[in-house]
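Contents: one structure, followed by commentary.
The values are calculated or read from the model by the stated rules, or taken from the named source; none is laboratory data. Given the structure is predicted, the values throughout are model-derived calculations rather than measurements. Methodologically, a virtual Cβ is constructed for each residue, glycine included, from the backbone with ideal geometry; neighbour enumeration extends over all protein chains shown. All accessible areas refer to the heavy atoms of the entire protein, side chains included, with ligands and DNA or RNA removed. Shrake-Rupley method; radii C 1.70, N 1.55, O 1.52, S 1.80 Å.
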Amino acid sequence: MTLPFTSADWWAVAPVSVVAVAALLVLVADIFSGRREQRYLSVFIALGGLIVAGVVAGRQFGHNYNAFFGGFLAGGFATVFQEIVLIAAAGSVILYAAMGPVARVAGSIAIMLWSACGAMLMAGAANLIMIFLGLELLSLGLYALCATDDRTSSRESALKYLILSSTATAFLLFGAALLFGATGSVQLADLANPSQVSNPLFWSGAGMFLIGLVFKLSLVPFHTWTPDVFEGAPLPVTAFMSVATKAATIAVFARFIYAAVPASVQERLLLPVWIVAGISMIAGNVGMLAQRNLKRLLGYSGIAQVGYILVALAGGTPLGLRYALYYLTAYALMNLGAFAVAAAISRDAEEGAHLHTYQGLARQHPWLAAAMTILLLALAGLPPTAGFLGKILILASSVSAGFVWLAALLIVGTAISLYAYAQVIRAMYAAAKGQPSQARPFVPLACVSAGICAAAVVVMTFYPLTPSNVLPLAH
Amino acid sequence: MLVLVTILLPLAAGAMLFALPREDRSVTRTVGVAVAVVVVVTLVLAGTSEWSFRWLSRPFQAAFHFGATPTSFWIALLLTMVSACAIAASRVARLRDFVALMLLLEGTMLGLFLARDLLLFALFWDLMLVPVFFGLAGWGEHPATAWRYFIYNFAGGLTLLLATAAFGVIYGSTDVIGRAVTPLVGAWAPWIYAGFAFAFLVKTPVWPLHTWMPPTYSGLPPPMVAVVSAVQSKAGLYGFLAIGLALLPHAVHDYATPLMALGAVSLLYGAVIALVQNDSKRIVAYSSLSHLGLVAIAIGSGNALALRGALVYIIAHGLFSAALFLLLGYVEEREDTRLLARLGGIGWKNPKLAGALCIAALAALGLPGLAGFAGELLVLIGVYQAGYVWPVIVALVAIVLASAYLLRLYQDLMNGPEEADVPVRSDLNWYEALTVAPLLAALVIVGVYPAALWHR
């Protein structure tokens, strides 16, 4: 039997394949490695694979190619999101150098890489089946990863994530089925048909599809699972979830609203999403105020940050998408950097999550504290960081698209968020109570990661890379 | 290029000071003062030259564009001068970190005043809060003050950001400060102005947005509060001059009455509260609220003479409030308290300290021949010329009150019976005198020849 695919089809998914193969290599190498180098070996093989995949994906930039009969679109849009997912995976894999029981490192890394494959498929998915395939590949890995810790909260988190995420997927799948019923096609491109405007099947299908996505993006009112799952999951998994899942889901969301929604219904269909984004910016930031756990804090912060990114997409302008990508990249770096700092000062059970762990950090590790300060100020949108420039770009695009009320909500949310982020900064610069947190053997790698993220966040202010060529075509 | 050096030098020096050994106090201070003096020189040499580098081309044009305008040059010169004096006067614990913060504060504020791009202005607006925040957190009397300062001013910074974004989108470029541009008109102009004005009014501050200010000013160490009250509080007024009046003149004109009313209320309110304060730093803090209300009135009037007076008064207030805070710092250092009730008669044993404080206080209450008078007079004449009588009457009342509280400050500290329970230490030595002498000299020069400020 010959497959009806050409070599160009395989080339289109080459970055995904590289990551998948790297995961296999991690597992194989783990069998043959001694106990001492096990952890490093897995991390370095994974990082190598991710870098190769990044280079391969980078070569596809600007060459749009429609692979697998319109199921997967390689090129500008997919490339940028894939690179963000790869950065997220690299930033999370590095954390395994600092933490987690040695015996489980290789397995966890392999599963994480396969999850990343799912996210990368979502970035390029151009039909409903591919979207579902990518989403499931991503989620299945994460259910397992959430449970890799011995804590009860880790298993609780896995179960919670499994149930709620499946619910979201059910919505998404049902919506996809209705959309197929309405149009007779699974291609996103075929959905953008003006004749669908009066079809109730299309409306209910698109609505349920969007609910599924909003669930995955953990926007209000579907956000309550996020802090709990983030708190329970192991730190690297939390880092991965907070960036890769959101990036991949935003990719699907952006492609859906830019390419699959008929222009005539866009305003009416998407208005609820923008309202939800506006509420999320307020609710996420208010929720942060009471948190005493860094993972929960960043969980709530992620709810608000995704809201900011959606504000950029409101209006559906090409420029808005570029700014959303800029902010998403910045958000990825800020979050990964913050988690890297947490990993660098982690002790086994606490995982650097409790805010009191940060007390007196500025005295013991001034550079680490400085990096964390930059990353948190960036999340709050203070200059000179990418958070500042990203916010102004988002404000500009939403104002020019006529969504002034969203811009105003963004301002209010940001004002609230500063206090929450600054709590961590205050803890770091306050005098230490109790015994100082000890450093652990493989900390340098996490410190390097935090430093790179902090530096990148600052540099991005001065070189505002907003790639053109990223319009999410559907065919 | 020199203008870029002027901004980057204090920033780089401030960052690098952290590499110096912590214990070496005299080296730290020498490096700090040397850098601050060099910055004065480079600023003067740079003059109004410009430096520009492209930043954004979408969604609006923006550039890293620095360069002094005739207005901002004088404020920047004031800033560099006050910074040099204040760094020289720094004698706090953890001196290395403090001097580093002072240099960072100077650099960020130079960036703000020399920025020719609105987006750059907004960037430095937020950035200059950070050194003060760490100053309050590390050396302040109460940590809550740092939060109040930061949150208040950050909220202002956010409305500034939104207004900047809206301006950029509508106008197509933010590279507009100090340029002869066509003013922005239309339905959005008042809203954009409102965003700017909120930020400026919080920063100045005016009543009722001033509640962060008295605890901030009394909590900061004297050298830092000298810089903050002398120059950072002028950022808002400079914003009104360089952004409000230049880019949105119609909006400023349409909403002149509320602005002047807020200024007038601040003028009276600050003066009345200053009359009954017991904490000497708080007297100067409230006097600052009062004095800057006068500048708000001048800006609201829009009269050319009043605006010249506003610039003179901005410089004058910077000079005398910096001198007052530095001198009160010396008093506090000697007597371990700054409460009027516990102090008195210091002047008998410390004639130099008393003399310096006397000059600064007289400048603040508007004695002819000193800078404060020149500014006040020009503002009052200008506002009257513009046809506003009631603000002039309010201002005159406030000026009388200013005499009362400043003389009360001076007399309670320097005259009267010596308080026996506080130790009396030595008078100002030559080094301490040198830290305030330039400020007092400048007060006299500007007082005698204020026209220098607009003949450049």
>> Checking the conditions here, which among B:A88, B:A84, B:A144, B:A93 is surrounded by fewer than 24 Cβ atoms within 10 Å (Cβ to Cβ) and under 16 Å from the mean Cα position of the chain (by Cα)?
In response: B:A84
> For B:F64, are the conditions met, namely being within 14 Å of chain A (Cβ to nearest Cβ), without any contact (Cβ under 8 Å) to a residue 40 or more places away in the chain and open to solvent by 10 Å² or more (accessible area, probe 1.4 Å)?
Replying inline: no
> Of these, A:A277, A:A233, A:A239, which one is among the aliphatic types (A, V, I, L, M), open to solvent by less than 10 Å² (accessible area, probe 1.4 Å) and in contact with an Asp or Glu (Cβ under 8 Å, 6 or more places away or on another chain)?
Replying inline: A:A233
> Taking helices (runs of 4 or more DSSP H) that do not extend beyond the stretch B:132-223, which have at least 3 residues that are of a type outside the set (A, V, I, L, M) and farther than 30 Å from A:G320 by Cβ?
Replying inline: B:143-171, B:213-219
>> Can you list residue pairs whose Cβ atoms sit under 6 Å apart, with the first residue in the stretch A:366-379 being away from chain B (no Cβ under 12 Å) and the second being in a helix (DSSP H, G or I) and open to solvent by 30 Å² or more (accessible area, probe 1.4 Å)? Count only pairs 6 or more apart in sequence or on different chains.
In response: A:A371/A:G451
>> Exactly one condition in (1) over 18 Å from B:A115 (Cβ atoms); (2) among the aliphatic types (A, V, I, L, M); (3) within 14 Å of another protein chain (Cβ to nearest Cβ) is false for B:V41; which is it?
In response: (3)
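Okay, residues lined up against (1) surrounded by fewer than 23 Cβ atoms within 10 Å (Cβ to Cβ); (2) of a type in the set (A, V, I, L, M, F, W, C); (3) farther than 23 Å from B:Y388 by Cα:
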{"residue": "B:S290", "(1), (2), (3)": "no, no, no"}
{"residue": "B:G293", "(1), (2), (3)": "no, no, no"}
{"residue": "B:R308", "(1), (2), (3)": "yes, no, no"}
{"residue": "B:I314", "(1), (2), (3)": "no, yes, no"}
{"residue": "B:A323", "(1), (2), (3)": "no, yes, yes"}
{"residue": "B:G329", "(1), (2), (3)": "no, no, yes"}
> Since B:S173 meets every condition but one in (1) buried (at least 24 other Cβ atoms within 10 Å of the Cβ); (2) within 14 Å of chain A (Cβ to nearest Cβ); (3) of a type in the set (S, T, N, Q), which condition does it not meet?
Replying inline: (1)
> Residues in the stretch A:388-412 that are touching a Phe, Trp or Tyr at 6+ places or on another chain (Cβ under 8 Å), in a helix (DSSP H, G or I) and more than 10 Å from chain B (Cβ to nearest Cβ): how many?
Replying inline: 2
> Exactly one of (1) small (G, A, S); (2) under 30 Å from A:R151 (Cα atoms); (3) assigned to a helix (DSSP H, G or I) is unmet by A:A78. Its number?
Replying inline: (2)
> Conditions: (1) touching a Phe, Trp or Tyr at 6+ places or on another chain (Cβ under 9 Å); (2) surrounded by fewer than 22 Cβ atoms within 10 Å (Cβ to Cβ); (3) not in a strand (DSSP E or B). B:V31 meets all but one. Number of the miss?
Replying inline: (1)
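Could you please let me know if A:I111 is of a type in the set (A, V, I, L, M), closer than 16 Å to A:V85 by Cα, surrounded by fewer than 24 Cβ atoms within 10 Å (Cβ to Cβ) and touching a residue at least 24 places away in the same chain (Cβ under 8 Å)?
So A:I111 passes the test.
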> From the set of residues in the stretch A:196-226 that are without any contact (Cβ under 8 Å) to a residue 24 or more places away in the chain and part of a loop (DSSP other than H, G, I, E, B), which is surrounded by the most Cβ atoms within 10 Å (Cβ to Cβ)?
Replying inline: A:N199
> Right, A:A415: open to solvent by 10 Å² or more (accessible area, probe 1.4 Å), in a helix (DSSP H, G or I) and within 7 Å of chain B (Cβ to nearest Cβ) or not?
Replying inline: yes
> Does B:G244 satisfy the condition of being within 14 Å of chain A (Cβ to nearest Cβ), more than 16 Å from the chain's Cα centre (by Cα), modelled with pLDDT of 90 or more and closer than 27 Å to B:L110 by Cβ?
Replying inline: no
